[in-house]
Amino acid sequence: RTLREILQEIAGGQGLTLSIAEALGGRVVEVLDQDEMSDAALLRSLGRRFDAAATVKNGTLLFAPIGVGSTTGGAAIPRLTLTRASGDRYHYRRGERGQFGGVEARWHDRTTGERNTVIIESIAGKLPKRLKRIFASENAAREACESARNKMDRAQAEFELEIALGRPDIYPERSAALSGFKPEIDARSWLIAECAHELSGDAGMTTRIRLEAGL
């Protein structure tokens, strides 16, 4: 079945309509073993497999790739600019993308009974990152490798910022530009990975965000 068909079934069962990115809708899911898995758990599993995020807004189940900076319909999400004056405290961390020579996943061939391996972006002299799960097909293993590679790319750098005057217009999946920090920070493109808004009687609304390096 296609990913669109599976998600349509989940959305219909919850009384929701479905909006899925065109690039994902036709992807074929060859083996799907739900085995007492809730719909929410299945959505998380499919999200990890296709490096996508599932959210519900206004009665619609949205399923879109992480980091593309656009809606499921293809419209660009406005880019956000944050300056040194925007926040009170920040923390910057470099990732360790370069320690692996690609990504490796194993899959089981039911016809021959053999276990095979898929490797993407093999780099001489460096061991690939091996995914723990054994996949049911070569296609599923390759998709998992691509998803893991994208996550590794986004983890090249992380930036956390606390904003004393809350910004309700900030939400995950928006692309962002940072200005007024270190040149290394300002030169990167960024993606808002997580965002938390808190409201208290003493401090009013505050916002904490975590950004990852954009692809």
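The values are calculated or read from the model by the stated rules, or taken from the named source; none is laboratory data. It should be emphasised that the depicted structure is a prediction, and the values quoted were computed from it without experimental measurement. Heads up, the Cβs are rebuilt from the backbone with ideal geometry, glycines too, and the neighbour counts pull from every protein chain shown. What goes into the accessible areas is simple: the full protein's heavy atoms, side chains included, and nothing from ligands, DNA or RNA. Shrake-Rupley method; radii C 1.70, N 1.55, O 1.52, S 1.80 Å.
Based on this model, can you work out whether LEU161 counts as more than 30 Å from SER122 (Cβ to Cβ), in contact with a helix residue (DSSP H, G or I) (Cβ under 8 Å, 6 or more places away or on another chain) and either touching a residue at least 12 places away in the same chain (Cβ under 8 Å) or in a loop (DSSP other than H, G, I, E, B) (or both)? It is true that LEU161 is more than 30 Å from SER122 (Cβ to Cβ), in contact with a helix residue (DSSP H, G or I) (Cβ under 8 Å, 6 or more places away or on another chain) and either touching a residue at least 12 places away in the same chain (Cβ under 8 Å) or in a loop (DSSP other than H, G, I, E, B) (or both).
Conditions tested, residue by residue: (1) surrounded by fewer than 14 Cβ atoms within 10 Å (Cβ to Cβ); (2) over 13 Å from the mean Cα position of the chain (by Cα); (3) touching a residue at least 24 places away in the same chain (Cβ under 8 Å).
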| residue | (1), (2), (3) |
| --- | --- |
| PRO168 | yes, yes, yes |
| TYR171 | no, yes, yes |
| LYS182 | yes, yes, yes |
| ALA187 | yes, yes, no |
| LEU191 | no, no, yes |
| LEU199 | yes, yes, yes |
| THR206 | no, yes, yes |
| ILE209 | no, yes, yes |
| GLY214 | no, no, yes |
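How many of the residues making up region 130-147 are farther than 21 Å from THR2 by Cα and in contact with an Asp or Glu (Cβ under 8 Å, 6 or more places away or on another chain)? Number satisfying all stated conditions: 2.
Taking the criterion of being of a type in the set (D, E, K, R) and closer than 21 Å to THR55 by Cβ, would at least one residue in region 171-189 satisfy it? Yes. Evaluating ILE163 against the criteria (1) closer than 15 Å to ARG84 by Cα; (2) within 22 Å of the chain's Cα centre (by Cα); (3) of a type in the set (A, V, I, L, M); (4) surrounded by 16 or more Cβ atoms within 10 Å (Cβ to Cβ) leaves one unmet condition, (2). When you go through (1) touching a Ser or Thr at 6+ places or on another chain (Cβ under 9 Å); (2) at pLDDT 90 or above; (3) surrounded by fewer than 19 Cβ atoms within 10 Å (Cβ to Cβ) one by one for THR83, which number turns out not to apply? All conditions are met except number (2).
Just wondering, is there one or more residues in region 143-158 that are touching a residue at least 60 places away in the same chain (Cβ under 8 Å), assigned to a strand (DSSP E or B) and surrounded by 14 or more Cβ atoms within 10 Å (Cβ to Cβ)? Scanning region 143-158, I find at least one residue that is touching a residue at least 60 places away in the same chain (Cβ under 8 Å), assigned to a strand (DSSP E or B) and surrounded by 14 or more Cβ atoms within 10 Å (Cβ to Cβ), so the answer is yes. Of the residues making up region 142-164, just one is modelled with pLDDT of 90 or more and among the aliphatic types (A, V, I, L, M), namely LEU161. Set side by side, the residues LYS132, LYS57 differ, and just one is over 30 Å from THR206 (Cα atoms), open to solvent by 60 Å² or more (accessible area, probe 1.4 Å) and either of a type in the set (Lys, Arg) or modelled with pLDDT of 90 or more (or both), which is LYS132.
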